[in-house]
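Following: one structure in structure tokens, then a few remarks.
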Amino acid sequence: MAEGLRERKKRQTRQFISDVATGLFMERGFDAVTIAEIAQAADVSVNTVYNYFPAKEDLFFDRSEGLVDRLSRFVRARPAGESAAAAVLRELREEVESVSPKVGLIEGYERFMKVVHGSAALQARLWHVQREQYDALEATLRQETGAADGDPLPGLMAGQINWVHQTLMAAIAHEMIAGRKAAVVSREALVLLDEMEDLLSERVLNYAVKAAG
């Protein structure tokens, strides 16, 4: 019980530091805020901040671990008879239709993305997260299909599927930054998903169909 309480306290402290940092980043921009200022505002030491967040970018992308495994989770959870690409398209459509914050369809997302666009360091970290997402998807596809280590196909397919996700996210971010309403952007994003699906070859759409049982 005592260990559980300590872990809960640590999670609460981590979240509080992250929330304080996010508020400062949104107000002043990422590059203008120092770790020392975040520590002072959160009433903790600089070392405490670094204990929870090894780099300043980690404070901004504090939920990036969930993003890295996102497409892989879609693929692993697909039902029998569904391909990898079909699973990702279905999951993305469901999120877009429900106007989900998971795809940036939420008030305030434009402020988040403006901070990213204003910092070369954050843009580099975002690219790194996207690369990790691709690597995780490739590994999942290789495992799901039993492909040999030297087989390039899982990587090629991961690139096609990852393109759909990144293009969708970029399009939504662009429209939200422009001040569009989330419900309107959602409808347009569904059309974009249909257009991207039409561009995918049958080989991509029928790759890694999950076997029954």
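The values are calculated or read from the model by the stated rules, or taken from the named source; none is laboratory data. Just so you know, these numbers come straight off a predicted model, no measurement behind them. No Cβ is skipped: glycine too gets one built from the backbone with ideal geometry, and neighbour counts run over all protein chains shown. For accessibility, only protein heavy atoms count, side chains too; no ligands or nucleic acids. Shrake-Rupley method; radii C 1.70, N 1.55, O 1.52, S 1.80 Å.
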Quiz item: Mind checking which pairs have a first residue in segment 105-126 that is closer than 15 Å to LEU59 by Cα and of a type outside the set (S, T, N, Q) and a second that is open to solvent by 60 Å² or more (accessible area, probe 1.4 Å) and not in a helix (DSSP H, G or I), Cβ under 8 Å, 6 or more apart or different chains?
Solution: ALA121/ASP31
Practice problem: Tally the residues that are open to solvent by 70 Å² or more (accessible area, probe 1.4 Å), of a type outside the set (Val, Ile, Thr) and outside any helix (DSSP H, G or I), restricting the search to segment 192-209. | Solution: 1
Quiz item: Can you spot a residue in segment 179-186 that is under 24 Å from ARG78 (Cβ atoms), of a type in the set (Gly, Ala, Ser) and outside any helix (DSSP H, G or I)?
Solution: no
Quiz item: Are any residues in segment 70-102 part of a loop (DSSP other than H, G, I, E, B) and either crowded, with 19+ Cβ neighbours inside 10 Å or at pLDDT below 95 (or both), and if so, which ones?
Solution: ARG78, SER83
Quiz prompt | Residues located in segment 172-191, provided they are closer than 29 Å to LEU141 by Cβ and buried (at least 18 other Cβ atoms within 10 Å of the Cβ) | solution = ILE172, ALA173, SER186, ALA189
Practice problem: Kindly indicate which of LEU156, LEU105 is out of contact with any Leu (no Cβ under 7 Å at 6 or more places or on another chain) and either assigned to a loop (DSSP other than H, G, I, E, B) or surrounded by 17 or more Cβ atoms within 10 Å (Cβ to Cβ) (or both). | Solution: LEU105
Quiz item: Is segment 46-56 home to any residue that is farther than 17 Å from GLN143 by Cβ and open to solvent by less than 20 Å² (accessible area, probe 1.4 Å)?
Solution: yes
Quiz item: under 20 Å from PHE112 (Cα atoms), open to solvent by 60 Å² or more (accessible area, probe 1.4 Å) and assigned to a loop (DSSP other than H, G, I, E, B): does that describe ASP31?
Solution: yes
Quiz item: Give me the pairs: first residue in segment 128-148 and free of Cβ contacts under 8 Å to residues at least 60 places away in the same chain, second residue in a loop (DSSP other than H, G, I, E, B), beta-carbon distance under 9 Å, and six or more apart or on different chains, which are they?
Solution: ARG142/ALA148; ARG142/ASP149; ARG142/ASP151
Exercise. Pairs only if they're at least six apart or on different chains, beta carbon under 9 angstrom, first in segment 8-20 and more than 15 Å from SER45 (Cα to Cα) and in a helix (DSSP H, G or I), second open to solvent by less than 100 Å² (accessible area, probe 1.4 Å) and modelled with pLDDT of 95 or more; list them, first residue then second.
Key: ASP19/ALA42
